[in-house]
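The next block holds one structure in the form of structure tokens; read it before the comments.
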Amino acid sequence: MSEIVLSDVCKHYGEIAAVQSTSLTIGEGELVTFLGPSGCGKTTTLRMIGGFVDVTSGRILVGGRDVTRLPPARRNMGFVFQNYALFPHMTVAGNVAFGLEMRKIGKADIARRVTEALARVRLGHLADRLPKQLSGGQQQRVALARALVIEPTVLLLDEPLSNLDAKLRHEMKTEIRQLQKSLALTTIFVTHDQDEALSVSDRLVVMSAGRVEQIGTPREVFERPASAFVADFMGFSNLVPVRLDGQGRGHLRSGMAFAIDGARSATGEGLLALRAEHIALSRAPMAGSSNSAAATVESLTYRGSFVDYTVRLDDETRLQVRGEAQAPFAPGARAFVAWAPQAGTLVEARPA
Amino acid sequence: MNATAPVLLYRIAAVAVLGFIVLPLAVIVWVSFFSNRILSFPPEGYTLDWYARAWSRAEFREGLLLSLQTALFASLASLAIGVPASYALARCKFPGRDVVTNILLAPMVVPGIVGGAAMYIFYIDVEIATEVQLAGSLPGLYAAHLLVALPWTIRLVTASLIGVDRSISEAAASLGAGPVTVFFRIILPVIKPALIASALFAFVASFIDLEKSLFLVGPGRTTLQIAIVSYLEWNLDSTIAAVATVQIAIIAALLLITNRYAQLNRAF
């Protein structure tokens, strides 16, 4: 049993609430990512679970056991730090053996388990090196082996990939996910990178300003953001203010109306979240498209395999549109935008 | 290589400063071998007599021994006191931390003669109040030298501890190590170069102290520095150069040996 339950967990630093009352459950064997910009409380929450930050109020349970006030040494959690935090004066093997020595395990047993752990991250040949003689990716794998060798009840990863270059990051991401799955280890992964979050997680917890904004599968969060913040963070580059008429249609300032799937009978003000790549740009009006409007190209940025445009509708609404790199529109050109009713998703207007 | 005028000036200045540091030491070593009866140039010949003469004088032999003993005590005691203090200063937040830091570093900036006089007066007052004799006693001298040495330990060890990434302590804790284990198995080994360097500097700071010792050595006792000053009052021959050379050799040897075991430039 290694389910993690946070119940009304808060962290205040004086007047400042770093983490506001947060409740969530991370199922056994699940990999959940805390995602958000820096300062959103994701690392503080992770460190509270790890025992490095005192909880102001609320409880943390792991496998039904209340660990809220336990020191880190008695939580049996594997923690991987952003900077790896290897012991610089110990060899790779010494680093991995440390947690086992703390558990008063016999020498022969330690040696066998260290060998196994290093083999699992393919570092057996570097057992006698010092951390400073290793590359970043190798140090990361030592940190992982050191956290896993103690057979922790849960694995906590604090931005484990942020110090690696792009190619290594991809490799390590895959490797961490495979290890986690093969060990069926309850895992929390903290990152600010939505790409990383989407590709490794069973579920995401999107956080902002010390609050949970949305909890859901990568697909749910990516396609149906629950708030303007999440939409923005997940790459919806258009958040268009609309007035809903209760008949599944949204109206722009000019009164221009278009269909929104999922709007149904909603009324009042809302924001239509649209991805730049879901808006088509063409030289002639598109036949049979319900949501289409004339626009003027304001500017464009060449991005290699595509071009990012800023276009202005006739009522001054600006949209970000992604187009093909072939035969791009020139600034000032007239064009038509169109999107499918199901492409957009409604989120609540941001509180003023 | 074509050096521009500013670069040339810079190099000349650098060499001049180096020369100013090294030349007096070289000269005193050189002079210690002159056979001239009084300190003078040029050398009339060379001899090792001054070393024999220095060794034959009890005040230099006993002074050297007392200085070495005192410095060794000061060095070890300032580690024993300074390391835990530095750990608290570097790792814990508590009210008055800056005040404590400044008090611990103060002996470094208070002129030695002032500190020496203050300790002497304090010892006398203690003696009057309690009849415990500190002024002129060996424990009194040791305590004063601990004060000379401690700021070095505090400064070096605190600086080194601040540089130690907190997350390695946390990593050790998450692996099951309690605070004491973290301190002895992780923190101390990681700051070893700073420990060795601070032991060395504390030793040297005590060894070269004159002012505090002047006030506090008891009758019939002398440190090497006091012996040198007393000798210079009545004599001007190369004995003093020989004693100085031995001192330079001792400190240089300490530096070299220490540097073999801990790269000192890493300790700062």
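Nothing in this text is a laboratory measurement; each read-out follows from the coordinates by a stated rule. Please read these numbers as outputs of a predicted model, since none were measured by experiment. Neighbour counts are summed over all protein chains in view; Cβ atoms, including those assigned to glycine, are modelled from backbone coordinates with ideal geometry.
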Seminar exercise, completed: Residue hits (the range B:59-92; farther than 22 Å from B:Ile162 by Cβ and surrounded by fewer than 22 Cβ atoms within 10 Å (Cβ to Cβ)) are B:Glu59, B:Arg61, B:Glu62, B:Leu64, B:Leu65, B:Leu66, B:Leu68, B:Gln69, B:Leu72, B:Phe73, B:Leu76, B:Ala77
For this session: Could you look through the range A:293-317, keep only residues that are over 21 Å from A:Arg243 (Cβ atoms) and of a type in the set (S, T, N, Q), and pick out the one that is surrounded by the fewest Cβ atoms within 10 Å (Cβ to Cβ)?
Result: A:Ser305
Exercise. Hey, does the range A:10-17 have a residue that's without any contact (Cβ under 8 Å) to a residue 24 or more places away in the chain and within 14 Å of chain B (Cβ to nearest Cβ)?
Worked result: yes
For this session: Give the range A:307-324 a look and list any residue that's under 20 Å from A:Gly235 (Cβ atoms) and in contact (Cβ under 8 Å) with a residue 24 or more places away in the chain, or say none.
Result: A:Asp308, A:Tyr309, A:Val311, A:Thr317, A:Leu319, A:Gln320, A:Val321, A:Arg322, A:Gly323
Exercise. What helices (runs of 4 or more DSSP H) lie completely within the range A:58-155 and have 3 or more residues being away from chain B (no Cβ under 14 Å) and within 29 Å of the chain's Cα centre (by Cα)?
Worked result: A:136-148
Problem set entry | Residues satisfying the stated conditions in the range A:29-56, i.e. closer than 26 Å to A:Lys181 by Cβ, more than 14 Å from chain B (Cβ to nearest Cβ) and part of a loop (DSSP other than H, G, I, E, B) | A:Gly29, A:Glu30, A:Gly36
Seminar exercise, completed: B:Ala171 fails exactly one of (1) within 14 Å of chain A (Cβ to nearest Cβ); (2) touching a residue at least 24 places away in the same chain (Cβ under 8 Å), namely (2)
For this session: Within the range B:144-183, work out how many residues are more than 26 Å from the chain's Cα centre (by Cα) and either in a helix (DSSP H, G or I) or among the hydroxyl-bearing types (Ser, Thr, Tyr) (or both).
Result: 14
For this session: Scan the range A:1-24 for residues that are acidic (Asp, Glu) and not in a strand (DSSP E or B) and jot them down.
Result: A:Glu3, A:Glu15
For this session: Tell me, yes or no, whether the range A:328-337 has at least one residue that is more than 10 Å from A:Val297 (Cα to Cα) and part of a loop (DSSP other than H, G, I, E, B).
Result: yes
For this session: Can you tell me which residue within the range A:141-180, out of those that are touching a residue at least 12 places away in the same chain (Cβ under 8 Å) and basic (Lys, Arg), is farthest from A:Asp202 (Cα to Cα)?
Result: A:Arg146
Exercise. So is B:Pro193 within 14 Å of chain A (Cβ to nearest Cβ), assigned to a helix (DSSP H, G or I) and in contact with a Lys or Arg (Cβ under 6 Å, 6 or more places away or on another chain) or not?
Worked result: yes
Exercise. Quick check: is even one residue across the range B:205-218 in a loop (DSSP other than H, G, I, E, B) and within 14 Å of chain A (Cβ to nearest Cβ)?
Worked result: no
Seminar exercise, completed: Over the range B:34-74, the set of residues of a type outside the set (Gly, Ala, Ser) and without any contact (Cβ under 8 Å) to a residue 60 or more places away in the chain is B:Phe41, B:Pro42, B:Pro43, B:Glu44, B:Tyr46, B:Thr47, B:Leu48, B:Asp49, B:Trp55, B:Arg61, B:Leu65, B:Gln69
For this session: Kindly check whether there is at least one residue in the range A:197-217 that is in a loop (DSSP other than H, G, I, E, B) and buried (at least 20 other Cβ atoms within 10 Å of the Cβ).
Result: yes
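Results for (1) without any contact (Cβ under 8 Å) to a residue 24 or more places away in the chain; (2) crowded, with 23+ Cβ neighbours inside 10 Å, shown as yes or no for each residue.
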| site | (1), (2) |
| --- | --- |
| A:Ser21 | no, no |
| A:Leu31 | no, no |
| A:Ser38 | no, no |
| A:Val53 | no, no |
| A:Ile60 | no, no |
| A:Arg74 | yes, no |
| A:Gly78 | no, yes |
| A:Ala93 | no, no |
For this session: Just name the residue that is surrounded by the most Cβ atoms within 10 Å (Cβ to Cβ) out of those in the range B:144-168 that are within 14 Å of another protein chain (Cβ to nearest Cβ) and β-branched (Val, Ile, Thr).
Result: B:Ile168
